[in-house]
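Notes to accompany the following structure.
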Amino acid sequence: MPMSAIGTSSSDSGCLRFMQTGRQQNGAVRKGEGFTLLELLVVLLIIGVLASLITFSITPNQPSPQRESRRFHQVVEAAREQAVLFNQELGLELRENRYRVLQWQVQRWWPLDSDLLSEHTLPDNLSQTLWIDGVPNTGGASGSDLPQPQIVFFSTGEVTPFGWTLEDSADNDQWRLTASPLGQFDLQAEPIP
C-alpha cells in the first residue's frame, strides 16, 4: 500500500477524513452530538406514562367528598335533563346515606333503572343533609315502604328548590349544592363552622 506524506496509508486517510466530517450512523452522516427532537419526545412520553402509573398506584382509592359531591351534581343535572327531554316527572329520594332517582308511572313513584341514576350509597365517613325551605329534611313519607321523593324534576325544567350538604367527618370537609326553582345548580366547597 502506498504511504502518504504523514506516514499513513490511503485507507487510513479515509478514516481521518470520516472522523473530521462527523460520525456515520447507518449510512447517514451526523454532525451533532445531541439527541433529536423525536428522541426527546419519546423519552418525555415514557416518563409521563410512568409518572401517571406511579401516581395511580400511590393515590388511595378512597371516596372523597369532592368526588361524591360532583357525582350527586351530575345525578341531579341528568335527572333534570331527562325529565325535560322525555317529558316525564322524575324525583330524587334521599335516605340517611343513600339517594336514588324515581320516575312517576301508573300513579306512583318507581325506582329508575339507569347506570348513573340508580341508587347510590355514600361511604361511611360521609353524611348528607337535605334542606327544603331552610328546614332539614330527613326522608319521605314516614311509615311507608313506597318510594317518596323529596325533590321533583318537572318536565317543564322546574325543580323543587333545595340545598344539599355533604360532610366528611374525618377531614372537616363540606360541599354544598343549591338548586333554584328554574333548575340552576351551584356546587361549592365550604368550610365547616
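Just so it is clear, none of the values below were taken in a lab; they were calculated from the coordinates. In this text, all values refer to a predicted model and were calculated from it rather than measured experimentally. Every residue, glycine as well, gets a Cβ built from its backbone with ideal geometry; the counts of neighbours run over all protein chains shown.
Numbers at a glance
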read-out: FRET efficiency estimate (nearest 0.05) - Cβ-Cβ, residue 125 to residue 54, R0 22 angstrom; value: 0.25
read-out: Size of electric dipole in region 74-132: Cβ of Lys, Arg +1 and of Asp, Glu -1, about Cα centre, debye, nearest 20; value: 160
read-out: Computed magnitude of the charge dipole of region 89-193 (debye, nearest 20; Cβ of K, R +1, Cβ of D, E -1); value: 340
read-out: Computed Kirkwood radius, in angstrom, where 1/r is averaged over Cα pairs of region 65-191; value: 14.7
read-out: Relative contact order (percent, whole number), region 65-191, Cα cutoff 8 Å, 6+ residue spacing; value: 27
read-out: Diffusion constant of region 45-135 at 4 °C, which comes from Stokes-Einstein with the Kirkwood Cα-pair radius and 1.567 mPa s, µm²/s; value: 83
read-out: Simple spin-label estimate for residue 178 and residue 190 in nanometres, 7 Å along Cα-Cβ; value: 0.8
